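All remarks here apply to the structure that follows.
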Amino acid sequence: MALFLLRRIGTMLLTALCLTFIVFWLTNLSPNLEKLAKNQGNVRMTDEQVASFLQDRGYSQPLPLKYAQWLGVAPGWVIEGRDGTTRSRCNGVLEDGTIPEDGRSFCGVLQGDWGQSTVFQDNVGSIIATRLGLTGKLMFWVMMVMVPGALIIGVLAGMREGSRTDRSLSTVSIITTATPEYVSGVVFIAVFASTAFGLRWFNGSATSAMEDATFENFTLPVITIALYGMGYIARMTRASMAEVMTAQYIRTARLKGVSFPNIVMKHALRNALIAPFTVIMLQFPWLLNGVVIVETLFNYKGFGWTLVQAAGNNDIELLLGVSVVSVFVVLVTQLISDIGYVYLNPRISVS
Amino acid sequence: MEPLSWFDIITRVLIQFTPVWIALVILFSVSVVYKRRLGLYGKLFDSTIGMVGFALVMFWVFTGIFGAFDLIVTHDPLAQVSSMKNKPPGTPILGAEDGQYPYYLFGGDNLARDVFSRMVKGAWVVVQIAPLATLFAFMVGITLGLPAGYYGGKLDTFLSFLANLILAFPVILLFYLLVTPEIVDTGIPNYMAMVLFIFPIIFVAVLLNSRYRTQPKVRTPMLIIVLGVMGWLYLSLVSQPGTAITVLPDGVDLFNLQGGILVVFVSVVFVNSPTVFRIVRGLAMDIKTRDYVAAAQTRGERPWYIMLWEILPNARGPLIVDFCLRIGYTTILLGTLGFFGLGLPPESPDWGTTINDGRRLLQIYLHPAIVPAFALLSMVLGLNLLADGLREESLRD
């Protein structure tokens with residue numbers, strides 16, 4: 001088990017390194033840097049001015065070096081600019097051209113220094129922390145709605161395969177998997193929040209839910225995300241439940257005269273929930289997609305909204321921070337799902 | 001003129017779709033009559049769910065095709081009639097000229113364009129891109145997944161690592177990184193197109209070569225012709241004037257994809273292929289332990305023959321089902337791209353872009369966003385039902 005864990009974590013770190021490097025490379029391509037220079041400095045800069053602007057701020061170094069500095073494994077740059085001022089990555093503008101006594105020479109993601117956002121004019125680390133908190137709140141409620149809902153639908157449908165309950169619940173889950181968030185969100189707003197339709201049960205915007213989430217302003221975004229994932233998990237649960245219900249030991253239990261509810265609750269459920277567990281964990285990356293769409297649609301300024309802002313405004317440091325966090329969320333959930341699968345299912349051995 | 005009532009609107013829309021109905025009736029009656037001779041496709045007509053799904057899918061396919069020939073549309077999807085801004089469904093056009101359709105059946109959007117015609121034209125964008133992109137993703141996934149599953153070992157470890165790398169990327173982030181104009185200018189999507197689109201050629205070449213290797217007289221001319229045609233198509237597809245890759249001169253270049261379609265296409269293929277790879281790899285690992293594979297190995301067949309002519313045909317059931325589901329997923333991805341305004345031009349009538357346009361005024365005017373939303377929903381639903389019906393029927397034998 002320990003070796004398996006070590007291997008998995010090793011692969012995970014390697015994947016994270018590769019992915020962050022790819023994002024770093026894509027965000028640091030020369031057109032992006034040129035745009036950054038023109039945004040920060042002056043729109044009408046000449047090519048030469050752009051080049052010197054970038055060189056003075058350490059952007060013209062070779063890519064692997066920049067990446068190492070950003071990661072925090074290479075000392076940050078100190079460059080004497082052509083305009084006479086000396087700038088450093090870690091300590092800002094240096095008055096006398098040397099790093100002060102209490103200054104740091106390493107400052108990267110590993111040291112907890114995530115850089116400065118150009119859109120929000122704030123520290124990337126603190127932006128991501130607050131936004132992630134808001135999204136966490138949303139996700140918590142999504143999970144609270146989605147997981148029990150999906151499991152109940154799946155178990156009810158898979159309990160008696162081919163019955164009328166099964167048919168109708170399966171149709172419902174197919175419909176929800178065919179409805180992406182931007183479709184269901186639009187339909188929900190139209191039906192429940194528009195003046196044109198008349199029912200004004202909920203708010204069409206979740207901006208106020210950031211401080212104070214109420215039933216009115218938080219229901220629609222939560223339901224919108226939960227619905228898309230729900231059908232998929234429900235179908236997995238149904239398939240796994242239907243398979244378990246045909247197993248020999250269930251037949252034995254029935255022949256012994258155990259009542260049907262007892263069979264479902266005590267004998268079938270545990271074995272039927274192994275497969276959905278992995279699926280639920282693997283839903284996280286997908287939920288991230290949903291979060292971005294829903295937060296944009298309902299104007300809820302969380303992590304997904306920040307991703308769109310960072311990507312749309314060429315905010316390199318923020319975009320890098322956002323990607324690091326999302327890549328790690330995905331990889332950690334994959335790890336948990338692997339470990340959980342082994343742990344839940346004694347038939348799978350690691351060696 | 002009076003605005004149309006809901007009953008009138010529905011009647012007029014149904015009449016407008018006449019060519020689609022005719023095509024559907026012909027298709028269904030022919031298929032039902034000959035269903036015993038049509039294999040898996042014919043069996044589809046034994047399952048109600050499969051038939052409903054197939055009808056929904058074919059409805060949009062025909063709508064897209066006829067719409068492209070300007071048959072169903074009532075107005076030019078880009079034409080603006082200034083008095084029709086945000087007008088509700090069924091509003092007559094003031095002072096309509098002769099030959100101009102006198103109503104906006106599904107109303108006007110915030111730029112006073114006809115919502116109905118834009119929906120029909122949007123179907124064409126989806127019908128063009130989604131199946132083709134899925135097919136390319138399958139070619140990439142099959143060409144890489146078969147050897148990974150069959151040989152295993154280092155090759156498998158390496159390819160699986162690459163696939164997991166792409167899968168761990170949040171899709172939206174990937175789109176934002178690939179489809180922004182700055183990145184498009186550097187030509188990265190074009191280089192990716194160059195790499196991804198070569199896989200179908202490799203696939204077909206290996207497929208034919210492994211089959212006819214022992215008959216050089218058939219193989220050589222066949223390979224020359226097929227690869228020549230495919231190579232030409234490939235170069236025409238990849239080479240785009242004004243981008244980083246301009247290989248072919250104008251006269252020889254067969255076609256150029258307009259505004260951003262290539263970029264959208266590439267990113268959708270790129271996102272889909274690792275999942276296909278994983279499925280094919282799993283199937284290959286399962287099937288390679290069967291007796292008929294062992295028999296082929298004992299016969300002395302080459303590895304690629306076994307992979308493509310023994311394993312692949314026996315994996316077709318799950319692959320066909322996944323193909324249908326994946327077209328639906330690709331449709332959703334295209335909509336996502338449109339929803340974030342990535343890739344396709346802003347006036348494009350595809351459903352994602354129109355939903356995005358319509359959502360800004362959603363609280364007051366419903367129709368510009370609801371119409372494409374339901375169109376997309378019904379198409380994806382149709383594909384999911386079709387996949388379900390196929391799965392049921394293919395499990396039956």
Q) Which residue, of A:173, A:184, is hydroxyl-bearing (Ser, Thr, Tyr) and either within 8 Å of chain B (Cβ to nearest Cβ) or out of contact with any Ser or Thr (no Cβ under 7 Å at 6 or more places or on another chain) (or both)? A) A:173
Q: Mind listing whichever residues of the stretch A:11-43 are open to solvent by 30 Å² or more (accessible area, probe 1.4 Å), within 15 Å of residue B:162 (Cβ to Cβ) and either more than 24 Å from the chain's Cα centre (by Cα) or not β-branched (Val, Ile, Thr) (or both)?
A: A:14, A:17, A:18, A:21
(Q) Given the criteria within 14 Å of another protein chain (Cβ to nearest Cβ) and crowded, with 17+ Cβ neighbours inside 10 Å, does residue B:198 qualify? (A) no
(Q) open to solvent by less than 70 Å² (accessible area, probe 1.4 Å), of a type outside the set (Phe, Trp, Tyr) and either in a strand (DSSP E or B) or within 14 Å of another protein chain (Cβ to nearest Cβ) (or both): is that true of residue A:51 in this structure? (A) no
(Q) Checking residue A:254 against (1) away from every other protein chain (no Cβ under 14 Å); (2) open to solvent by less than 30 Å² (accessible area, probe 1.4 Å): exactly one of these is not met. Which one? (A) (2)
Q: Among the residues of the stretch A:77-121, write down those that are charged (D, E, K, R) and open to solvent by less than 90 Å² (accessible area, probe 1.4 Å).
A: A:87, A:89, A:113
Q) Any residue at all in the stretch A:38-47 that is part of a helix (DSSP H, G or I), out of contact with any helix residue (DSSP H, G or I) (no Cβ under 8 Å at 6 or more places or on another chain) and either more than 29 Å from residue B:185 (Cβ to Cβ) or within 14 Å of another protein chain (Cβ to nearest Cβ) (or both)? A) yes
Q.
Condition first: facing chain A (nearest Cβ under 8 Å) and hydroxyl-bearing (Ser, Thr, Tyr). Can you find one or more residues in the stretch B:363-382 that meet it?
A. yes
Q.
Kindly evaluate residue A:151 against the criterion of being open to solvent by 10 Å² or more (accessible area, probe 1.4 Å) and either at the interface with chain B (Cβ under 8 Å from one of its Cβ atoms) or under 28 Å from the mean Cα position of the chain (by Cα) (or both).
A. yes
Q: Please go through the stretch A:189-207 and pick out each residue that is surrounded by 23 or more Cβ atoms within 10 Å (Cβ to Cβ) and either over 20 Å from residue A:291 (Cβ atoms) or more than 10 Å from chain B (Cβ to nearest Cβ) (or both).
A: A:190, A:206
Q. Listed residues A:76, A:41, A:84; which is modelled with pLDDT under 85 and in contact with a Lys or Arg (Cβ under 6 Å, 6 or more places away or on another chain)?
A. A:76
Q. Does any residue in the stretch B:179-191 that is free of Cβ contacts under 8 Å to residues at least 24 places away in the same chain and facing another protein chain (nearest Cβ under 8 Å) come within less than 7 Å, Cβ to Cβ, of a residue that is open to solvent by 20 Å² or more (accessible area, probe 1.4 Å) and charged (D, E, K, R) six or more places away or on a different chain, and which pairs are these?
A. B:182/A:35
Q. Of the residues that sit in the stretch A:54-73 and are hydrophobic (A, V, I, L, M, F, W, C) and at pLDDT 85 or above, which one is most open to solvent (accessible area, probe 1.4 Å)?
A. A:65
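Could you pull out every one of the helices (runs of 4 or more DSSP H) wholly within the stretch B:77-190 that has 3 or more residues that are of a type outside the set (Val, Ile, Thr) and under 18 Å from residue B:330 (Cβ atoms)?
B:115-151, B:171-179
Quick grid of which residues meet (1) surrounded by 17 or more Cβ atoms within 10 Å (Cβ to Cβ); (2) over 22 Å from residue A:220 (Cβ atoms); (3) among the small types (Gly, Ala, Ser); (4) within 34 Å of the chain's Cα centre (by Cα):
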{"site": "A:242", "(1), (2), (3), (4)": "yes, yes, yes, yes"}
{"site": "A:270", "(1), (2), (3), (4)": "no, yes, no, yes"}
{"site": "A:273", "(1), (2), (3), (4)": "yes, yes, no, yes"}
{"site": "A:280", "(1), (2), (3), (4)": "yes, yes, no, yes"}
{"site": "A:285", "(1), (2), (3), (4)": "yes, yes, no, yes"}
{"site": "A:299", "(1), (2), (3), (4)": "no, no, no, yes"}
{"site": "A:308", "(1), (2), (3), (4)": "yes, no, no, yes"}
Q.
Can you say whether residue A:73 is within 31 Å of the chain's Cα centre (by Cα) and of a type outside the set (Ser, Thr, Tyr), as far as the supplied structure shows?
A. yes
Q | Matching residues in the stretch B:122-172 - criterion: being under 11 Å from the mean Cα position of the chain (by Cα) and within 14 Å of chain A (Cβ to nearest Cβ) | A | B:126, B:130
Q | Contacts under 6 angstrom Cβ, first residue in the stretch A:222-244 being more than 30 Å from residue A:207 (Cα to Cα), partner outside any helix (DSSP H, G or I) and acidic (Asp, Glu), 6 or more apart | A | A:242/A:161
Q) Is the stretch B:335-348 home to any residue that is within 30 Å of residue B:44 (Cα to Cα) and either within 9 Å of chain A (Cβ to nearest Cβ) or assigned to a helix (DSSP H, G or I) (or both)? A) yes
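The values are calculated or read from the model by the stated rules, or taken from the named source; none is laboratory data. These figures come from a predicted structure and were not determined experimentally. No Cβ is skipped: glycine too gets one built from the backbone with ideal geometry, and neighbour counts run over all protein chains shown. When the accessible area is computed, the model is the full protein with side chains, heavy atoms only, and any ligands, DNA or RNA have been set aside. Shrake-Rupley method; radii C 1.70, N 1.55, O 1.52, S 1.80 Å.
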